[in-house]
């Protein structure tokens, strides 16, 4: 993996190498952009990587490009919005690999690059970016292999979903406090939040109800992902040694990919770096939010 010196705040070292070729990583939305780079970099570290995508032709082509470049890569079709596709993938993964060690939830969409909201697009963004992540986590947890190093889940998120950020945060102070409170945070609260947002997009009141005014759909979807990451970390924290699962989320930055209309200021390789680090770094931190290999506030 190419050195990215300004991001290397916590390096890999030899004694931290807990993984091997038998370590299985699954990456959703891996056919292009950040997902492609995360797949490439993980495979470059010697893991078995299963690159997945909704579009089988695009996914097979991406895997072929990597294979032709001398990188071992496995491809399997997976639509995170289709329960039958997830079930087929679960059966295939169990049969061929006995499970997985790392899940990277990267699949995502962004239709509103700024200033317009539509009911159709808002639903697609929430369904893919939030409910797709939930569905994958629920399906993959039973397949995560016992390990002294613990299994890992990495959710690709965004600073746009921060509760306490200075820009683009939700204006409903009471809701922010609820979502920020570890005691009151629940799956029902998160689901209710996104359902309320979608209802207000449908009836045209979203702008006056304190939702982010730019990148609205995307911001709300990532706010939900961040909250769900914290919730799952709490739920998984009681697992015994050897059964641990560490779950974190990270912001890759404003990356030059199709998701940003190629208007980003960093490369996909740089954007993938923190995700790969979270997947591989020999640590026990869970339920946190990262950017540039540093913990940031939700």
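Some observations on this one:
- Residues being in contact with a strand residue (DSSP E or B) (Cβ under 7 Å, 6 or more places away or on another chain), in a helix (DSSP H, G or I) and either under 19 Å from residue 230 (Cα atoms) or without any contact (Cβ under 8 Å) to a residue 40 or more places away in the chain (or both) - total across region 115-173: 6
- Region 1-21 - residue that is surrounded by 12 or more Cβ atoms within 10 Å (Cβ to Cβ) and modelled with pLDDT of 50 or more and, of those, nearest to residue 98 (Cα to Cα): 19
- Qualifying residue in region 260-273 (condition: under 30 Å from residue 173 (Cα atoms) and surrounded by 22 or more Cβ atoms within 10 Å (Cβ to Cβ)): no
- Restricting attention to region 207-248, the residues that are more than 21 Å from the chain's Cα centre (by Cα), over 27 Å from residue 121 (Cα atoms) and assigned to a helix (DSSP H, G or I) add up to 0.
- Check on residue 43, under 23 Å from residue 109 (Cβ atoms) and either outside any strand (DSSP E or B) or touching a residue at least 60 places away in the same chain (Cβ under 8 Å) (or both): no
- Residue-level analysis places residue 83 among those that are modelled with pLDDT of 95 or more, in contact with a helix residue (DSSP H, G or I) (Cβ under 9 Å, 6 or more places away or on another chain), surrounded by fewer than 14 Cβ atoms within 10 Å (Cβ to Cβ) and over 25 Å from residue 260 (Cβ atoms).
- Here residue 107 meets the list (1) at pLDDT 95 or above; (2) in a loop (DSSP other than H, G, I, E, B); (3) closer than 21 Å to residue 237 by Cβ almost entirely, failing just condition (3).
- Of all residues in region 181-194 being in contact with a helix residue (DSSP H, G or I) (Cβ under 9 Å, 6 or more places away or on another chain) and assigned to a helix (DSSP H, G or I), the one that is nearest to residue 254 (Cα to Cα): 194
- Residue in region 130-140 that is touching a helix residue (DSSP H, G or I) at 6+ places or on another chain (Cβ under 7 Å), closer than 25 Å to residue 204 by Cβ and either buried (at least 21 other Cβ atoms within 10 Å of the Cβ) or modelled with pLDDT under 95 (or both) present: yes
- Among the residues listed as 204, 275, 253, the single one being in contact with a strand residue (DSSP E or B) (Cβ under 8 Å, 6 or more places away or on another chain) and assigned to a loop (DSSP other than H, G, I, E, B): 253
- Whichever residue in region 56-69 is more than 21 Å from the chain's Cα centre (by Cα) and under 20 Å from residue 22 (Cβ atoms) and, among such residues, is surrounded by the most Cβ atoms within 10 Å (Cβ to Cβ): 66
- Test result for residue 288, modelled with pLDDT under 80 and touching a strand residue (DSSP E or B) at 6+ places or on another chain (Cβ under 9 Å): no
- Failed item in (1) part of a strand (DSSP E or B); (2) surrounded by fewer than 22 Cβ atoms within 10 Å (Cβ to Cβ), with residue 286 passing the rest: (1)
The values are calculated or read from the model by the stated rules, or taken from the named source; none is laboratory data. Quick caveat, the model's predicted, so the values are computed rather than measured. Note that each Cβ is placed from the backbone with ideal geometry, even for glycine, and that neighbours are counted across all protein chains shown.
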